[in-house]
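Q: One structure, as structure tokens, below. Some questions next.
Quick note: the coordinates plus some simple rules give every number you see, no bench work behind them. Note that this is a predicted model, so its numbers are computed, not measured. Here the Cβ positions follow ideal geometry from the backbone for every residue, glycine too, while neighbour counts run over all protein chains shown.
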Amino acid sequence: MSRVSPRPEIAALPPSVHGGLDHGELARLTIHPDDVLDFSVNRNPFGPPPSVRAVWEGVSLERYPDRECLALRSALAERHGCGMAQVWVGNGAAELIWLLALTYLSTGDPMLVVTPTFGEYAAAGRVMGAR
């Protein structure tokens, strides 16, 4: 049976380290995760305000959302004075960074990543062959 290997661009990437607590390290230090304010994941330690909680009550979580995000994209386009085609939405910054790299970068394209910054920029550029 032949071995399946990742693309060389993927295999060459260093391990990705995102924000978030290292629960193993916290356990070794006998620190409970609830005792740490982790700002690396943009988590609000106070939770959502009452106005947001009130809106949640009327949301149908059992239904799959609109895959094109038409209402959101329309509202954002109107607010920022652009067309809906210019508005991209995603499940977070990492997804959007990868989508932009997949869409616009080609092998050999120049790319500048100024640090410190979110690690996805360099990784996505390397995978697409940008230099």
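Q: When Arg126, Arg131 are ordered from fewest to most other Cβ atoms inside 10 Å of their Cβ, what list results?
A: Fewest to most other Cβ atoms nearby, the residues stand as Arg131, Arg126.
Q: Related question: Fully extended, how many nm does the chain gain between Asp109 and Arg131 (0.36 nm per residue separation, minus their Cα-Cα distance)?
A: 7.3 nm
Q: Applying the Karplus parametrisation 6.51 cos²θ - 1.76 cosθ + 1.60 with θ = phi - 60° to the phi angles of the range 59-76, what ³J(HN,Hα) value in whole Hz is obtained for each residue in order, glycine and proline being reported as x?
A: Ordered by residue, 3J(HN,Hα) equals 8, 8, 6, 7, 9, 6, x, 4, 5, 9, 6, 4, 5, 5, 5, 5, 5, 5 Hz.
Q: Next question. Answer with one residue from Thr107, Phe39, Leu26: the one whose Cα lies farthest towards the positive end of the charge dipole of the chain, charges on Cβ with Lys, Arg +1 and Asp, Glu -1.
A: So the residue we want is Thr107.
Q: What stretch of the chain, leaving out the sites themselves, is the longest with no chymotrypsin sites (Phe, Trp or Tyr not before Pro) in a DSSP loop having at most 15 other Cβ atoms within 10 Å?
A: 1-45
Q: Could you tell me the calculated FRET efficiency between Glu9 and Glu57, based on Cβ-Cβ distance and R0 = 41 angstrom, to the nearest 0.05?
A: 0.35
Q: Given R₀ = 30 Å, FRET efficiency for His32-Ala71 by Cβ-Cβ distance, to 0.05?
A: In this case the efficiency is close to 0.15.
Q: Only loop residues by DSSP count here, and only those with at most 10 other Cβ atoms within 10 Å; note down the GluC sites (Glu not before Pro) in the range 31-84 that meet that.
A: Passing both the DSSP loop test and the Cβ count: Glu57, Glu62, Glu68.
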